[in-house]
Amino acid sequence: VHYLLLSAPWSVLCYYAEELQLRLPLQALPNQASNWSARVLGRLGIRNVMAEEVPNLPLDYYTCQFKVNKLQWFLGSDKQDTFFSTTQRHQILYEILATTQYGRSKEREVGVDWLLSENVFSAAFPLHDGPFKLPSEESAPSNLNQRQILFQYWANWRKWYKYQPLDHIRKYFGEKVAFYFTWLGFYTGWLLPAAVVGTLVFIAGIFLMFDDVPAQEVCESKEQYRMCPLCKSCPYWQLSSTCETFKAGRLFDHGGTIFFSMFMSLWAVMFLEYWKRMNASLAHRWDCSDFEDIEERPRPQFTATAPMTIINPITGTEEPYFPKRSRHHRILAGSMVIIMMIAIVVMFVVSVILYRVVVAILLASSGYFRFVASASRIASITGSVVNLFFILILSKIYISLAHFLTKWEMHRTQTKYEDAFIFKVFIFQFVNFYSSPFYIAFFKGKFVGYPGNYVNFLGVRNEECSPGGCLIELAQELLIIMVGKQIINNTQEVVIPKLKCWWQKHRFHSSKKAAKERESEKAPWEKNYQLLVFEGLFDEYLEMVMQFGFITIFVAACPLAPLFALLNNWVEIRVDAQKLVCDYRRPVAERAQGIGIWFYILEVIAHLAVISNAFLIAFTSDFLPRTYYKHIYDSSLRGYVNFSLAHAPWDFVQHNNTACRYRAFRDPDGNFSSTYWQLLAIRLGFIIAFEHVVFFIARLIELLVPDIPESVEIKVKRERYLAKEALAENKVGF
């Protein structure tokens, strides 16, 4: 393996700094970083254990776009070695490498990325700032390099409860990485109140479970309620055999569920509103408020393959261009592929449903009491596990396909490219992850029919909810998919990079002689080459956004979801930090204005959560039927079990010589009873009332909380004033 160490002379750095519109400092300011929790604790006079002084804190600056002819007015321009930061040097060198032509122009053989894909080079990467391990002898914190500071004060497991050093992360990895960790930390902090409230609601469910009158009636009914068979060859069964399952259903299905659903819907809105404020503050402080609209340049890959050029209407410069009509045709063709992949996901979901039905029938007709009593639960749990494996396998296949389609669509900037890719994958993953929970929540047990006239799907009788209700099945599905995926992902993120690093080092050392190996240990580029390639933050964002969906869209079914999310995210922050600092080659620093299209996806999920929870409570939960029974018949709920069970039609009883009961509001002829229609009206009324109340309060919050904090608006006006003053004095040309 041969290495080329690249650097750029001062004149080249200045030329490309102006070409790339890099922002350089005019005037130094004290670092104005602050945290709302630190301010609150300070006002209350409570010691803040989360705060920690991190050495070499980067300064804030008033900045403007670099101009070579105004060089003398920029701060530190007399020190050529330190004027441009390390990350800015990396950006300039990558731009040169990414846009340099190496072959025939007709074949568009341009850029180091193409050379990497053709295996001409095996790697191209910026160097880390030395080792991450601390020196063995005691050294002053201020003498540590940037990588050691990040390892000691951020990627260290002992710092799990400390604030993240965001300005250090931004200085070393760039704005895009810094925004991800800022958002992840902000989201984790906001999960704390949601987890506390959710845990209290779950504990309330435990107490309600022991005092629940209908659950006591089921457990004490013995042979009072003979239930109709679950399939043609299945035996009759006693409702009392499902005592434990029925009790467990009360853990998640009680009055606290309504309060928590409303709480989480408003929590999601407030979280996004306050993130907007945080994003605006950081975008201004990190000098990227206008990045996407004005400063962002075309992607090097787009520049290399675009068929024509055009004048940019905003900047007035000539840029590569790809016709919109051609792009729209390609996007349309790609959409057909996405629809086909979504259809494949639906086929897998149907196969899992059929699997559950067949397994339930086989267990129920097996003759073993334990299997007969738990047939529905065993089928549901194993079905959830099978579904999880389908999800993980299909995800890997589709992400590769989405990469190919997005490259083919020829998007101009990196932001637009990433937004298009993210949108494709999210649509697919949304269907992939949420189709099974949506089926359990809104369709399972709703279109079953009645004894003697059951509804069939593909020749198999439709599934019924378990005796505890579909809500406990949904909670079980969520916990298996959400927690199972978290465990698998965290295991992969910890174990796989370590194994890959070990294999890379083993392969590297085995190919060298012992003498050369000892010498190579001293070369930093060889140490960096042994590390793994950084593949972006897409997987991390996707994991967190899907988690956000689980804790908001289906929160009515599982109040413990925010707690599991909080525990996972505490681990996630340090795992991701360790990967970046210790296991990965240093990425080229990229600028960003925020978290991009992920924010709009989160907004859609937050709105969908309100509708989903309203329907969950109305149609899947037993809350409204119980409330109806309390007000019309008996406030103690005595007799509710009998009220919720219908008698099998007379034709079915005569044919089988046995009377039985089933869960439904139907008359002896199998038609819907007046109670069913009254409950339907109540359910629809509840959905309308719930949605209107939550959306009204959410809209009120949006109006009361400004997107940009007042302090940031004042800073922006101050900078504009200084710019005018500078222009007036002919100091700096903006």
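The values are calculated or read from the model by the stated rules, or taken from the named source; none is laboratory data. In this text, all values refer to a predicted model and were calculated from it rather than measured experimentally. Every residue, glycine among them, receives a Cβ derived from its backbone with ideal geometry; neighbour counts consider all protein chains shown. Surface accessibility is based on the protein's heavy atoms, side chains included, excluding ligands, DNA and RNA. Shrake-Rupley method; radii C 1.70, N 1.55, O 1.52, S 1.80 Å.
Things to note:
- Reported label for calculated Cα extents along the principal axes in Å given (i) 102, 85, 51; (ii) 86, 69, 56; (iii) 98, 61, 59: (iii)
- Selection from His168, Ala51, Thr199, by position along the positive dipole direction of the chain (Cβ): His168
- Scalar couplings 3J(HN,Hα) for segment 643-658, obtained by applying the Karplus form with A = 6.51, B = -1.76, C = 1.60 to θ = phi - 60°, are 5, 8, 10, 9, 8, 4, x, 4, 4, 5, 5, 4, 5, 9, 6, 8 Hz; x denotes Gly and Pro.
- Centroid-to-centroid separation of segment 1-31 and segment 112-191 [C-alpha atoms, Å]: 20
- For the chain, the solvent-accessible area of protein heavy atoms averages 50 Å² per residue (probe radius 1.4 Å; ligands and nucleic acids excluded).
- Projecting the Cα positions of Gln101, Gln27, Ala38 onto the charge dipole of segment 9-102 (unit charges on Cβ atoms of Lys, Arg, Asp and Glu, taken about the Cα centre) puts Ala38 furthest along the positive direction.
- For segment 537-629, the relative contact order is 47 percent, taking Cα pairs closer than 8 Å that sit 6 or more residues apart in sequence and dividing their mean separation by the residue count.
- GluC sites (Glu not before Pro) within segment 80-171, DSSP loop, no more than 12 other Cβ atoms inside 10 Å: Glu118, Glu137, Glu138
- Here the contact order of segment 18-131, divided by its residue count and restricted to Cα pairs under 8 Å and six or more residues apart, works out to 25 percent.
- Average Cα contact separation per residue, the chain, under 8 Å, 6 or more apart, as relative contact order %: 20
- Qualifying chymotrypsin sites (Phe, Trp or Tyr not before Pro) in segment 201-285, where qualification requires a DSSP coil assignment and no more than 16 other C-beta atoms within 10 Å, comprise Tyr236.
- In this structure the amide hydrogen of Cys64, modeled in the peptide plane, comes within under 5 Å of the amide hydrogens of Leu24, Leu26, none closer than 5 places in sequence on its chain.
- Taking amide H positions as modeled 1.01 Å from N, with prolines and chain starts lacking one, the residues under 5 Å from Tyr321 and 5 or more places away or on another chain are Met308, Thr309, Ile310.
- Using only side-chain charges placed at the Cβ, +1 for Lys and Arg and -1 for Asp and Glu, the dipole size of the chain relative to its Cα centre rounds to 920 debye.
- Helix-only mean residue ellipticity at 222 nm for the chain, each DSSP H run of n ≥ 4 adding -39500 (n - 2.57), per residue, nearest 500: -19500 deg cm²/dmol
- Degrees, to the nearest 10: 414-442 long Cα axis against longest axis of the chain: 10
- Potential lengthening between Glu244 and Lys396 on full extension [0.36 nm per residue; Cα-Cα distance subtracted]: 50.8 nm
- Residue ranking by accessible heavy-atom surface, 1.4 Å probe, largest first, among Ile311, Ile481 comes out as Ile311, Ile481.
- Two-site FRET efficiency, Val40 against Asn156, from Cβ-Cβ distance with R₀ of 30 Å, rounded to 0.05: 0.70
- Neighbour-limited loop hits for chymotrypsin sites (Phe, Trp or Tyr not before Pro), segment 410-451 (at most 15 other Cβ within 10 Å; DSSP other than H, G, I, E, B): Phe443, Phe447
- The length gained by stretching the chain between Ile688 and Leu354 to full extension, at 0.36 nm per residue less their Cα-Cα distance, is 116.9 nm.
- Backbone amide hydrogens, once placed in the peptide plane, bring Tyr584 within less than 5 Å of Leu532, excluding anything fewer than 5 places away on its chain.
- Accessible-area order (highest first, 1.4 angstrom probe) of the listed residues Cys465, Cys582: Cys465, Cys582
- Sulfur and carbon atoms: percent of accessible area, the chain [1.4 Å]: 61
- Degrees, to the nearest 10: 561-578 long Cα axis against longest axis of the chain: 20
- Ordered by 1.4 Å accessible area with all protein chains kept, Asp651, Asp583 run largest first as Asp651, Asp583.
- Computed from Cα positions, the angle between helix 375-408 and the longest principal axis of the chain comes to roughly 30 degrees.
- A straight line joining the Cα centroids of segment 632-646 and segment 656-690 runs 13 Å.
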